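Have a look at the structure below before the remarks.
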2 protein chains.
Amino acid sequence: MSLKVLSRDEVFAGSPRWRDPGRSNYLAMYSSVFGGVVTDPALMVMPLDDHVINRGDGIFEYFPVIKGHAYCFDAHMTRLRRSAEIISLDLPFDMDTIKQITLETVGISGSQDCGVRMFLSRGMGNFGCDPTTTAKSLLYVIVLKTTVWENFPARFLKEGARAITSHVPLKMGFYAQVKSTDYLLNAMVDLEAHRNGADFGIWFDQDGHLAESSTENVVIVDQEGILKYPTFAHMLRGTGLVRGVQLAAELVKTGELNGIRQTNITPYEVQESAEIFGLTSGSVLPMVSLDGRTVGDGRPGPIARRLSDLFEKDMAEGPAEVRTRIPYP
Amino acid sequence: MSLKVLSRDEVFAGSPRWRDPGRSNYLAMYSSVFGGVVTDPALMVMPLDDHVINRGDGIFEYFPVIKGHAYCFDAHMTRLRRSAEIISLDLPFDMDTIKQITLETVGISGSQDCGVRMFLSRGMGNFGCDPTTTAKSLLYVIVLKTTVWENFPARFLKEGARAITSHVPLKMGFYAQVKSTDYLLNAMVDLEAHRNGADFGIWFDQDGHLAESSTENVVIVDQEGILKYPTFAHMLRGTGLVRGVQLAAELVKTGELNGIRQTNITPYEVQESAEIFGLTSGSVLPMVSLDGRTVGDGRPGPIARRLSDLFEKDMAEGPAEVRTRIPYP
């Protein structure tokens, strides 16, 4: 073997090689490294010495854009700021500028319905670990053709998903407070589920209480019609969960739910529940089996279905505080 | 504000902006995305959708090259393969090919003395978490002008470094077995040390036993002249530690050490020790104060200095099994 040294033109001439058509669903990327937006997927890259690669020293957010509006944008921006504060990551711009850059990047993509991922990294360094050695923090925003919501198989909502109790050790409480990119254990949860013929793995904490799934919060409806969700000690404060709980208040008013409670939830309660479902940005993910046993009647339950409808309505025509208009050029 | 959409040429025209001269010490990078080597630092990039960015789903290694030979190369390659096995990451090539690519990339750099970082990532995906959704795993190798050894201030070896007991929660045992890029807590250890006017933070495990520092193993020499190092339950099996222990056997023969022992080490023992030092690929890092208290006589101790000399000799003219010749073109 003899490796070839590639010129810039050769790297880009080879570009189709590193993206098959199915993956080129990236519409636009802002990078504070470049100081602007690129629309060529081959340019949607990060310098290899960014500490988010080398050290997982960065945070991220994801939100969907529906009908030209960013969903729960302010909640995501608040969490981004909070994550940065906890790990003492100085923002590359003030929050207003970060918001504006993000919304403008979506605007440039031209897409009315898409998914948006943001990364705030410690910045480029010298491949060391010390956060004080980087030049400055960096912002990346990428606009994806499809929302996470579209990425979940329609089967989940129609037939329900299969879940297992995960045996991967739960991430430390620290990571429930910071939405960092250190997700290897979450990836292991997905791998374990996949190998067991399941769609989701559910983490319980060291005390045996329900925590979360790899990228979803998990809630139950018990036999008394109470919607229960865990405390925030060992799970991330999901924006989908927080909004879902707000929307579920409607179902208490109509009598479909008998209450909503944030509390410790035991495996016993999870196994006995009438419904189990995941909540993530705008998505409800009914889980109809757990460790091979049927949950409820084995089909998505009435609360999950109602909540999914409420989410769809909220994303399409909800109040101004959850729908931020995209400034299209 | 109105963001600018940049062409490929504009991105690269702006390239000097994103690397000040002090940072352009990257000599060559191999990327299996490109299928070859680049020497322009502006091309030393990773696709933003690589799971190592988004999910910390990847592993890495670092080794120094001294006088045209990779130091402890086989030990690093063995650990890389082991890390990959533990997280079920299918190698992009067989190990022989990975080794050859790595050594050839160093050869192309032309450097006789440099540092080499390797990343094995789960590959490009769709920004999801599930490891089964990526196209294929990827290999990146980057050659740095300076070795880690050169990066540590000369002061450490001459005057000794300052250490503190870290209060950052220790990473889980899982991460002691896998050299993954999920290093945010390690970065927090460095930040805490920095804020306390120290050079290193030392982690103790949940049982109170000595674990490691952010990127170094930590060993002690007790008052009886026994070199003690922790078990591998809560610290990474550092190649520098393993080789250091082999080299230290020489000091037992000469009577400079009275023994070498792998055992649990309490904070009490650490505080009472004659010497404390860090070990990393080819480097000895004497720590002469801990939490503001003086260790030994406040200067790098005799064992640390002797071991440092042994390392230097080993790197320059050690046996074939620790010195792998670089194939320069």
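The values are calculated or read from the model by the stated rules, or taken from the named source; none is laboratory data. In this text, all values refer to a predicted model and were calculated from it rather than measured experimentally. When we count neighbours, we look across all protein chains shown, and the Cβ atoms used for this are built from the backbone with ideal geometry, even at glycine. The protein model used for the area step is the full one, side chains on, heavy atoms only, and it has no ligands, DNA or RNA in it. Shrake-Rupley method; radii C 1.70, N 1.55, O 1.52, S 1.80 Å.
Report, by residue number, each residue of the range B:278-295 that is open to solvent by 50 Å² or more (accessible area, probe 1.4 Å) and not polar (S, T, N, Q). Passing the criteria: B:Asp291, B:Gly292, B:Arg293. Within the range A:261-276, the set of residues being buried (at least 16 other Cβ atoms within 10 Å of the Cβ) and out of contact with any helix residue (DSSP H, G or I) (no Cβ under 6 Å at 6 or more places or on another chain) comprises A:Ile265, A:Glu269, A:Val270, A:Ser273, A:Ala274, A:Ile276. Hey, does the range A:46-61 have a residue that's within 20 Å of the chain's Cα centre (by Cα), acidic (Asp, Glu) and not in a helix (DSSP H, G or I)? Yes - at least one qualifying residue is present in the range A:46-61.
Any residue in the range A:79-89 that is out of contact with any His (no Cβ under 7 Å at 6 or more places or on another chain), over 12 Å from A:Val178 (Cα atoms) and not acidic (Asp, Glu)?
No, because not a single residue in the range A:79-89 is out of contact with any His (no Cβ under 7 Å at 6 or more places or on another chain), over 12 Å from A:Val178 (Cα atoms) and not acidic (Asp, Glu).
Scanning the range B:272-285 for residues that are in contact with an Asp or Glu (Cβ under 8 Å, 6 or more places away or on another chain) and farther than 19 Å from B:Pro64 by Cβ yields B:Glu272, B:Ser273, B:Ala274. Among the residues of the range A:190-212, those that are open to solvent by 30 Å² or more (accessible area, probe 1.4 Å) and farther than 19 Å from A:Leu285 by Cβ comprise A:Arg195, A:Gln206, A:Asp207, A:His209. Where helices (runs of 4 or more DSSP H) fall entirely within the range A:75-167, those with at least 1 residues that are open to solvent by 10 Å² or more (accessible area, probe 1.4 Å), within 12 Å of chain B (Cβ to nearest Cβ) and touching a residue at least 12 places away in the same chain (Cβ under 8 Å) are at A:95-109, A:148-151. For B:Ala187, the test of being under 29 Å from A:Gln206 (Cα atoms), at pLDDT below 95 and open to solvent by less than 20 Å² (accessible area, probe 1.4 Å) is failed. Answer yes if at least one residue in the range B:24-36 is facing chain A (nearest Cβ under 8 Å) and in a helix (DSSP H, G or I), and no otherwise. Checked against the condition, which is being facing chain A (nearest Cβ under 8 Å) and in a helix (DSSP H, G or I), the range B:24-36 yields no hits at all. Would it be correct to say that B:Val178 is under 30 Å from A:Ile142 (Cβ atoms), of a type in the set (A, V, I, L, M, F, W, C), in contact (Cβ under 8 Å) with a residue 40 or more places away in the chain and surrounded by 24 or more Cβ atoms within 10 Å (Cβ to Cβ)? For B:Val178, the condition - under 30 Å from A:Ile142 (Cβ atoms), of a type in the set (A, V, I, L, M, F, W, C), in contact (Cβ under 8 Å) with a residue 40 or more places away in the chain and surrounded by 24 or more Cβ atoms within 10 Å (Cβ to Cβ) - is not met. Applying the selection to the range A:314-323, what residues are open to solvent by 30 Å² or more (accessible area, probe 1.4 Å) and either part of a loop (DSSP other than H, G, I, E, B) or touching a helix residue (DSSP H, G or I) at 6+ places or on another chain (Cβ under 8 Å) (or both)? Once the filter is applied, which keeps residues that are open to solvent by 30 Å² or more (accessible area, probe 1.4 Å) and either part of a loop (DSSP other than H, G, I, E, B) or touching a helix residue (DSSP H, G or I) at 6+ places or on another chain (Cβ under 8 Å) (or both), the range A:314-323 yields A:Pro319, A:Glu321, A:Arg323.
Summed over the range B:235-260, the residues that are open to solvent by less than 60 Å² (accessible area, probe 1.4 Å), over 21 Å from B:Cys72 (Cα atoms) and not aliphatic (A, V, I, L, M) give a count of 2. With respect to the conditions (1) without any contact (Cβ under 8 Å) to a residue 60 or more places away in the chain; (2) closer than 15 Å to A:Asn54 by Cβ; (3) among the hydroxyl-bearing types (Ser, Thr, Tyr), B:Tyr62 lacks only one, and its number is (1). Restricting attention to the range A:294-313, the residues being in a loop (DSSP other than H, G, I, E, B) and either within 15 Å of A:Leu157 (Cβ to Cβ) or touching a residue at least 12 places away in the same chain (Cβ under 8 Å) (or both) number 6.
Hey, among the residues in the range B:171-184 that are at pLDDT 90 or above and assigned to a loop (DSSP other than H, G, I, E, B), which one's farthest from the other protein chains (Cβ to nearest Cβ)? Among those that are at pLDDT 90 or above and assigned to a loop (DSSP other than H, G, I, E, B), it is B:Lys179. Screening the candidates A:Leu236, A:Leu241, A:Leu251 for the property of being in contact with a Phe, Trp or Tyr (Cβ under 9 Å, 6 or more places away or on another chain) and free of Cβ contacts under 8 Å to residues at least 60 places away in the same chain yields one hit, A:Leu241.
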